[in-house]
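What follows is a short report on a single structure.
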Amino acid sequence: MAFQVGDETRRSASDCPKGFRCLEGAGTNLCPIEDCVGGEVHFIACRAEGYCPYQRSFGHGWLCACPVRKELYRVYHV
């Protein structure tokens, strides 16, 4: 199953270094969301391999600011 996101979401994540691989594989290419605060702040359970401009260190954990990842969580609950 391939995920779908809006065109505006894709455009806002144009710096994706992985070519939107997260949209393939039924969620197997995604870092799990550990917690979501206010629908905007997404704490993730892993760190992506290589550089990701949307991933940020926060204390001892990681935040994901990727518009695509946020929409996948909001729409598909993955």
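The values are calculated or read from the model by the stated rules, or taken from the named source; none is laboratory data. As the structure is a prediction and not an experimental result, all values here were calculated from the model. Positions of Cβ are generated from backbone atoms using ideal geometry, with glycine treated the same way; all protein chains shown enter the neighbour counts. Keep in mind that these areas ignore ligands, DNA and RNA; they rest on the heavy atoms of the full protein, side chains included. Shrake-Rupley method; radii C 1.70, N 1.55, O 1.52, S 1.80 Å.
Cysteine residues of the chain whose C-beta has no other cysteine C-beta under 4.7 angstrom: C16, C22, C36, C52, C64, C66. Distance between the 7 Å Cα→Cβ label points at V78 and Q4: 1.5 nm.
The figure for F58 is an accessible area of roughly 110 square angstrom, using a 1.4 Å probe on the protein chains alone.
In a simple Cβ point-charge model (Lys, Arg +1; Asp, Glu -1; nothing else charged), the chain has a dipole of about 120 debye relative to its Cα centre.
Its DSSP H runs of at least 4 residues, each contributing -39,500 (n - 2.57), put the calculated 222 nm mean residue ellipticity of the chain at -5500 deg cm²/dmol, to the nearest 500.
Only Cα pairs under 8 Å and 6+ residues apart enter the sum, and on that basis the relative contact order of the chain stands at 30 percent. Electrostatic bookkeeping for Y54 treats Lys and Arg as +1 and Asp and Glu as -1; over the other residues with beta carbon under 15 Å from its beta carbon, the sum is +4. According to the Kirkwood relation over distinct C-alpha pairs, the hydrodynamic radius of the chain is 12.6 Å. Sorted largest first by accessible area at a 1.4 angstrom probe radius, with every protein chain in place, the residues I44, I33 fall in the order I33, I44.
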